[in-house]
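Visitor: Supplied in structure tokens, the structure appears directly below.
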Amino acid sequence: MEKDEIRRHDSFQAFDEICSIAEEKRVDILLLGGDLFHENKPSRSTLVKAIEILLRHCLNDQPVQFQVVSDQTVNFPNTFGHVNYEDPHFSVGLPVFSIHGNQDDPAGVDNLSAIDILSVYNLVNYFGKMVLAGSGVGQITLYPILIRKGSTAVALYGLGNIRDERLNRMFQTPQAVQWMRPEPQEGCEVSDWFNILVLHQNKVKMNAKNAINECFLPCFLDFIVWGHEHECLIDPQEVPGMGFHITQPGSSVATSLIDGESKPKHVLLLEIKGNQYRPTKIPLTAVRPVEYIEVVLKDEPDIDPNDQNSILEHLGKVVSDLIEKSNRKAVNGSEPKLPL
């Protein structure tokens, strides 16, 4: 909404708050599930603001406490070929890892995304970008980023957005999607790894071919960060019979006026030790509130259905009441934001 006088700063304020929480909690990694940008070709203004926020929060002299022990040229097939905090020319204290979504997906002759720009600036570790190989439906191989900190070992898989119909067919085609498991290492068996997948696809609702079913995913996974869906369902849910849990962080700001977008927005703080994890949901306070209500005019006794003015007067009062309700909920006496 960068052309909207009132809402144009909303998404930047939300992103700034997310980065501030990451800094304050001294997290090891800030993990993004795609669609950092709402458009394939973000404006210069949007790019500059995003870069400013990342520079402010990610470049500092905080020591990074984990090691990437996999083949980084496979994990990060860009100019540098390594995780950004290992570059001696950059003082990265907060490593950001991101896949692309369906709105900031790679395009053009060189198959580049806006995330590639941030990657070249060494501000974001861009992973999960697939080159569809083979004939027919194609073939992809997912290599994990292997991260070790103390006795905890995390295998981070990324799958940037692929058109849902095509990925659906790939999952149902033998050998089309290959999952590479970690090789046994000294003091670390395959079963010791905590396996996380970040993906950005439709979840199954009506049309099964136009979405990805959780049962397509391998049972060795422990935790899934599901991007693309905008409703915030932050509490991890176990998938029956699969053994893994899914969190759906949702969008950081409301992008459409629907019931799902009116739920409070959160980020998830994920603490991992060995094969156990502890989730803590943290509400975003800088987000513009959404008040959602459904009005059935025929159930309103004081409306004359033949009098347009009486309908408009009633709806005007509904909106005024919602604004008043939202103002009463303003945090710590702060200046209330005009709600959606």
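Visitor: If a residue must be under 23 Å from residue 41 (Cβ atoms), in contact with a strand residue (DSSP E or B) (Cβ under 6 Å, 6 or more places away or on another chain) and open to solvent by 10 Å² or more (accessible area, probe 1.4 Å), how many such residues does segment 69-107 contain?
Guide: 1
Visitor: Search segment 46-64 for residues that are outside the structural domain of residue 17 (by the TED database) and under 16 Å from residue 3 (Cα atoms) and pair each with any residue that is open to solvent by 40 Å² or more (accessible area, probe 1.4 Å) and at pLDDT below 95 when their beta-carbon atoms are under 8 Å apart and the residues are at least 6 apart or on different chains.
Guide: Taking only residues 6 or more apart or on different chains, not a single pair turns up.
Matching residues to (1) open to solvent by 60 Å² or more (accessible area, probe 1.4 Å); (2) farther than 23 Å from residue 33 by Cβ; (3) not in a loop (DSSP other than H, G, I, E, B):
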position: 254; (1), (2), (3): no, no, no
position: 282; (1), (2), (3): no, no, yes
position: 287; (1), (2), (3): no, no, no
position: 290; (1), (2), (3): no, no, no
position: 295; (1), (2), (3): no, yes, no
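Visitor: Follow-up question, since we're still on this one. Any residue in segment 111-131 that is assigned by the TED database to the domain that holds residue 25, in a loop (DSSP other than H, G, I, E, B), among the aromatic types (Phe, Trp, Tyr) and modelled with pLDDT of 90 or more?
Guide: Yes.
Visitor: Okay, next question. Among what's in segment 108-122 and is open to solvent by less than 10 Å² (accessible area, probe 1.4 Å) and aliphatic (A, V, I, L, M), pick the residue that is nearest to residue 227 (Cα to Cα).
Guide: Looking at the filtered set, the residue picked out is 115.
Visitor: Just need a number here: residues in segment 35-62 that are open to solvent by 20 Å² or more (accessible area, probe 1.4 Å), part of a loop (DSSP other than H, G, I, E, B) and within 24 Å of residue 230 (Cα to Cα).
Guide: Adding up the residues that qualify gives 8.
Visitor: Test residue 285 against the stated conditions and say whether it is within 30 Å of residue 31 (Cβ to Cβ), touching a residue at least 24 places away in the same chain (Cβ under 8 Å) and out of contact with any Phe, Trp or Tyr (no Cβ under 8 Å at 6 or more places or on another chain).
Guide: yes
Visitor: Further, regarding this structure: Any residue that is surrounded by fewer than 19 Cβ atoms within 10 Å (Cβ to Cβ), at pLDDT 95 or above and assigned to a helix (DSSP H, G or I) - is there at least one of those in segment 23-31?
Guide: Yes; the residues of segment 23-31 include at least one that is surrounded by fewer than 19 Cβ atoms within 10 Å (Cβ to Cβ), at pLDDT 95 or above and assigned to a helix (DSSP H, G or I).
Visitor: Go through segment 129-170 and report how many residues are open to solvent by less than 10 Å² (accessible area, probe 1.4 Å) and small (Gly, Ala, Ser).
Guide: 5
Visitor: I want to confirm something. Restricting to segment 260-280 and keeping residues that are basic (Lys, Arg) and assigned to a loop (DSSP other than H, G, I, E, B), which single residue is surrounded by the fewest Cβ atoms within 10 Å (Cβ to Cβ)?
Guide: In this case the residue turns out to be 263.
The values are calculated or read from the model by the stated rules, or taken from the named source; none is laboratory data. All of these numbers come straight from a predicted model, not from anything done at the bench. Cβ atoms come from the backbone with ideal geometry, glycine included; neighbour counts cover every protein chain shown. These area figures cover heavy atoms from the full protein model, side chains too; ligands, DNA and RNA do not enter into them. Shrake-Rupley method; radii C 1.70, N 1.55, O 1.52, S 1.80 Å.
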